[in-house]
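Chemist: Structure below; questions to follow.
Read the figures in this text as sums done on the coordinates, not as results from a lab. Note that the coordinates shown come from a computational prediction; the quantities given were computed from them, not determined experimentally.
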Amino acid sequence: MYFSLICPILKSKYISKKRLQACRSAIASGASISSTYELYGFSDYSAFFRAFKKEYGISPKEYREQHRLE
């Protein structure tokens, strides 16, 4: 109840966005995609791929290639 007073989005959407942000940072830092999605609680690669692509407009692999930290 209190969460909805503070945050205008559903709690499940908020948690999903935070998990995707953590995955995005890990991938950019050079972590493997497979270990990252498992670490942050996605059930399988397909679910992670769909959520990542929907949120950021590119696949996790494309993101890694474009944003890898040197």
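Chemist: Give 11/53; 13/53; 17/54 a once-over and call out the pairs whose C-alpha atoms are over 18 Å from each other. Provide the component values of the computation, followed by the final result.
Modeler: On the way: 11/53 20 Å; 13/53 15 Å; 17/54 11 Å.
11/53, as the Cα separations exceed 18 Å there.
Chemist: Something else now. Could you give the length gained on full extension between residue 40 and residue 14, defined as 0.36 nm per residue of separation minus the Cα-Cα distance, in nm?
Modeler: Length gained, residue 40 through residue 14: 8.0 nm.
Chemist: Go through the stretch 33-50 residue by residue and turn each phi into a ³J(HN,Hα) via Karplus (6.51, -1.76, 1.60, θ = phi - 60°); whole Hz please, and just put x for glycine and proline.
Modeler: 5, 5, 6, 5, 5, 5, 4, 9, x, 7, 5, 7, 4, 4, 5, 5, 4, 4
Chemist: Once you have the alpha carbon radius of gyration of the stretch 16-70, what is it after dividing by 2.2 N^0.38 Å, with N set to its residue count? Spell out each step's value before the answer.
Modeler: Numbers: Rg = 9.8 Å, N = 55, 2.2 N^0.38 = 10.1 Å.
Dividing the Cα Rg of the stretch 16-70 by 2.2 N^0.38 Å gives 0.97.
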